[in-house]
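Below: one structure, written as structure tokens.
The values are calculated or read from the model by the stated rules, or taken from the named source; none is laboratory data. Quantities reported herein were computed from a predicted structural model and do not represent experimental measurements. Positions of Cβ are generated from backbone atoms using ideal geometry, with glycine treated the same way; all protein chains shown enter the neighbour counts. All accessible areas refer to the heavy atoms of the entire protein, side chains included, with ligands and DNA or RNA removed. Shrake-Rupley method; radii C 1.70, N 1.55, O 1.52, S 1.80 Å.
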Amino acid sequence: MDPRERIPGQESAAARGWLHAHRWLILRRATQLGLLGLFLLGPWFDIWIVKGNLASSRTLDVLPLTDPLVLLQELFAGHMPTTTAFIGVAIVLAFYLLVGGRVYCSWVCPINMVTDAADWLRRRLGLRGGARFPRETRYWVLGAVLLMALVSGQLVWEWINPVSMVFRGLVFGMGLAWAMVAAIFVFDLLVARRGWCSHLCPVGAFYGLLGRGAVLRVAADRREACDDCLDCFVVCPEQQVIRPALKGADKGLGPVILSGECTNCGRCIDVCAEDVFHYTTRFNNHSPVIGHEEKSEVLP
Amino acid sequence: MSSKGDNPGNAARRKFLADLLRTAGGVGLMAAGVGLFARQSAALPATAIRPPGALPEDDFLGACIRCGLCVRDCPYDTLRLARPGEPVPPGTPYFVAREVPCEMCEDIPCVAACPSGALDQSLKKIDDARMGLAVLIDQENCIAFRGLRCEVCYNVCPVRGKAITLEYEHNRRSGKHARFLPEVHSNACTGCGKCEEACILEEAAIKVLPIHLARGELGHHYRLGWEEKRKAGHALVSPDQPHQYNLPKGLDYDLQGEGLLRKEDGREVPYSANPLDTLNRRSRP
């Protein structure tokens, strides 16, 4: 079979059942939609569990949560938030340091569904090529976002930030935010593969930096079973993070994906028919010098 | 240069630098675009009023994190969060007085909810809020100015009798009635917009405007003579000397009275109407 016509995950579904081959994807969508639903319970049904939006929220009138990047922008703009906001940021930072910074991207952010859909359609339509630019661009954008706040004294990025705009729009009224959704979909579909989330988005860049020390990680802990089908590589939004963990045994690299850019989406776990990947912690990064039989004990 | 380019290290470095510049240029272009867009669109329409305690607009746009918690905690659904495409910076809270004015809650829940400090936490008394300033903007159509009784704005005002007072004035049209004219006082008006909402006209004659639009500002060098006099306790300049004209007795000079005046109080005027007579008499020894 031509590897280009291969549908990633098909083999896994055949081997382990459809549900098993989609479990993390389903959980992820349920989390994304569930979070959105929690915010919508108030305005739609007058059940106020959570108020606000992803920039800052209050749960059950006691738990404050605040987005660290938007607060950082405010500080750069020269304004001092309240203590409540700092408590909210501390809770959020602690959470993402535990579960992985870019868990925000793959498990929370509503734009993720848009770009995942664009990538899925791109594969289905067999679209290839397009604009190529470095993944590091996002860190430049992040720098520009903070610089703009510093220079102008205003949260300039929040004028167009699609991440906050779309979630806020869904909860408070979309207005023209749909245009932003459409623009990102078209950009990812036709202009650049995974162009927004994995190359440009400064929110993702920020959470990626945060995730460099995160505890929860994906590991290719059964990498010796890899049959080079490339399914994980095709579905992964941050392909560059897989190789060191999956193929790094010769270079003495451990099987845990340590890059902060990994979104912990778990799609590689889903699509792998050989059951190579699992969630684990960064502390399980046993060096490959350990023999195979010992290493298999690491399996959860 | 081409010979140096053969060195793989050099070529890699050049490619690295070119990529770096390309990325920096692209991102810089994006930043410039976004910055210009934000600068251009930052002007707030005059009808969009910020919540109580909002920092001055420039500071507000640097502090507000667009979370909408003030909107959620507004018990009267006065506040709304600007949607993309509206002429208000997206995600920032505002209200339109003519539609739903601020009810001036005593506990100011919107300010209490604000995590960013864009709504000033030091605002404790709602009467100290200055969301805007009511201005009786159209005296031609305000029916009070036409001599009819209305006083709706005066009566709905939550700071009744202080923020809006009624000034009695003679009705010169009818010649025998009084006009009851509403007058707004900036030292008490919170800009809540109840007056604008209640104005009985099709289009309100009294409107809440942002303070910078509603108020003039006297030049800082300017001194009002009477206030300086009151502060000093005495006149700061010596009084004008009355003009002295060296005129013959019985004559006076006043330009408003058009020049030389003859005091005709019935008594004998020692001078003839003909000035020549005086001259001739003078010339006599």
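Collect the residues in the range B:104-118 that are part of a loop (DSSP other than H, G, I, E, B) and either of a type outside the set (A, V, I, L, M) or within 10 Å of chain A (Cβ to nearest Cβ) (or both), keeping them in residue-number order.
Answer for the range B:104-118, where residues must be part of a loop (DSSP other than H, G, I, E, B) and either of a type outside the set (A, V, I, L, M) or within 10 Å of chain A (Cβ to nearest Cβ) (or both): B:Cys105, B:Glu106, B:Asp107, B:Cys114, B:Pro115, B:Ser116, B:Gly117, B:Ala118.
Restrict the check to the range A:230-240 and report whether at least one residue is in contact with a Phe, Trp or Tyr (Cβ under 9 Å, 6 or more places away or on another chain) and open to solvent by 20 Å² or more (accessible area, probe 1.4 Å).
Checked against the condition, which is being in contact with a Phe, Trp or Tyr (Cβ under 9 Å, 6 or more places away or on another chain) and open to solvent by 20 Å² or more (accessible area, probe 1.4 Å), the range A:230-240 yields at least one hit.
For the range B:133-164, what are the residues that are touching a strand residue (DSSP E or B) at 6+ places or on another chain (Cβ under 6 Å) and open to solvent by 40 Å² or more (accessible area, probe 1.4 Å)?
If the condition is that a residue be touching a strand residue (DSSP E or B) at 6+ places or on another chain (Cβ under 6 Å) and open to solvent by 40 Å² or more (accessible area, probe 1.4 Å), then B:Ile137, B:Tyr154 are the ones that fit.
For A:Leu41, state whether it is touching a Phe, Trp or Tyr at 6+ places or on another chain (Cβ under 9 Å) and open to solvent by 30 Å² or more (accessible area, probe 1.4 Å).
yes
Counting only residues that are under 30 Å from B:Val88 (Cα atoms), open to solvent by less than 90 Å² (accessible area, probe 1.4 Å) and touching a residue at least 12 places away in the same chain (Cβ under 8 Å), give me the strands (runs of 3 or more DSSP E) lying completely in the range B:165-278 with at least 1 of them. Break it down into steps so the answer makes sense when it comes.
Working: elements: B:177-184, B:206-209, B:251-254, B:259-262.
Result: B:177-184, B:206-209.
Working only within the range B:34-49, note down all residues that are over 16 Å from the mean Cα position of the chain (by Cα) and either acidic (Asp, Glu) or open to solvent by less than 40 Å² (accessible area, probe 1.4 Å) (or both).
Within the range B:34-49, B:Val34, B:Gly35, B:Ala38, B:Ser41, B:Ala42 meet the criteria.
What about B:Val100, is it within 11 Å of chain A (Cβ to nearest Cβ) and among the aliphatic types (A, V, I, L, M)?
no
For the subset of the range A:79-102 comprising residues that are more than 7 Å from chain B (Cβ to nearest Cβ) and in a loop (DSSP other than H, G, I, E, B), which member is nearest to A:Gln32 (Cα to Cα)?
Here the answer is A:Arg102.
Could you say whether any residue in the range B:87-99 is at pLDDT below 90 and out of contact with any helix residue (DSSP H, G or I) (no Cβ under 7 Å at 6 or more places or on another chain)?
yes
In the list B:Arg39, B:Arg72, B:Arg83, B:Arg22, which residue meets the criterion of being without any contact (Cβ under 8 Å) to a residue 12 or more places away in the chain and facing another protein chain (nearest Cβ under 7 Å)?
It is B:Arg83.
Yes/no per residue for (1) facing chain B (nearest Cβ under 10 Å); (2) under 30 Å from B:Val71 (Cα atoms); (3) in contact (Cβ under 8 Å) with a residue 60 or more places away in the chain:
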{"site": "A:Val108", "(1), (2), (3)": "no, yes, yes"}
{"site": "A:Val114", "(1), (2), (3)": "no, yes, yes"}
{"site": "A:Arg132", "(1), (2), (3)": "no, no, yes"}
{"site": "A:Gly143", "(1), (2), (3)": "yes, no, no"}
{"site": "A:Met148", "(1), (2), (3)": "yes, yes, no"}
{"site": "A:Gly153", "(1), (2), (3)": "yes, yes, yes"}
{"site": "A:Leu170", "(1), (2), (3)": "no, yes, yes"}
{"site": "A:Gly173", "(1), (2), (3)": "yes, yes, no"}
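Looking at the structure I just gave you, is B:Cys64 in contact (Cβ under 8 Å) with a residue 12 or more places away in the chain, more than 12 Å from every other protein chain (Cβ to nearest Cβ) and of a type outside the set (Gly, Ala, Ser)?
So B:Cys64 does not fit the description; no.
Any residue in the range A:70-78 that is outside any helix (DSSP H, G or I), out of contact with any helix residue (DSSP H, G or I) (no Cβ under 6 Å at 6 or more places or on another chain), of a type outside the set (Asp, Glu) and within 14 Å of chain B (Cβ to nearest Cβ)?
Yes, the range A:70-78 contains at least one residue that is outside any helix (DSSP H, G or I), out of contact with any helix residue (DSSP H, G or I) (no Cβ under 6 Å at 6 or more places or on another chain), of a type outside the set (Asp, Glu) and within 14 Å of chain B (Cβ to nearest Cβ).
Filter the range A:42-54 down to the residues that are farther than 14 Å from A:Gly173 by Cα, free of Cβ contacts under 8 Å to residues at least 24 places away in the same chain and either among the aliphatic types (A, V, I, L, M) or facing chain B (nearest Cβ under 10 Å) (or both) and list them by number. It would help to see each step written out before you state the result.
Restricting attention to the range A:42-54, the residues satisfying the condition of being farther than 14 Å from A:Gly173 by Cα are A:45-51, A:54.
Then drop every residue that is not free of Cβ contacts under 8 Å to residues at least 24 places away in the same chain, which leaves A:45-51.
If the condition is that a residue be farther than 14 Å from A:Gly173 by Cα, free of Cβ contacts under 8 Å to residues at least 24 places away in the same chain and either among the aliphatic types (A, V, I, L, M) or facing chain B (nearest Cβ under 10 Å) (or both), then A:Ile47, A:Trp48, A:Ile49, A:Val50, A:Lys51 are the ones that fit.
Looking only at the range A:77-92, which residues are open to solvent by 20 Å² or more (accessible area, probe 1.4 Å) and out of contact with any Pro (no Cβ under 6 Å at 6 or more places or on another chain)?
A:Gly78, A:His79, A:Met80, A:Thr83, A:Phe86, A:Ala90, A:Ile91
Can you pull out every residue in the range B:62-78 that is open to solvent by 20 Å² or more (accessible area, probe 1.4 Å) and under 20 Å from A:Leu71 (Cβ atoms)?
Hits for the range B:62-78 are B:Arg72, B:Asp73.
Among (1) buried (at least 20 other Cβ atoms within 10 Å of the Cβ); (2) more than 26 Å from A:Leu40 (Cα to Cα), there is one condition B:Thr92 misses while meeting the rest; what is its number?
(2)
Checking the structure you have, find out if any residue of the range A:38-47 is under 26 Å from A:Cys265 (Cα atoms), in contact with a helix residue (DSSP H, G or I) (Cβ under 7 Å, 6 or more places away or on another chain) and either in the same structural domain as A:Cys265 (by TED's automatic domain parsing) or of a type outside the set (Lys, Arg) (or both).
Checking the range A:38-47: at least one residue is under 26 Å from A:Cys265 (Cα atoms), in contact with a helix residue (DSSP H, G or I) (Cβ under 7 Å, 6 or more places away or on another chain) and either in the same structural domain as A:Cys265 (by TED's automatic domain parsing) or of a type outside the set (Lys, Arg) (or both).
Among the residues of the range B:72-96, write down those that are farther than 18 Å from A:Glu158 by Cα and among the aliphatic types (A, V, I, L, M).
Listed by number, the residues that qualify are B:Leu79, B:Val96.
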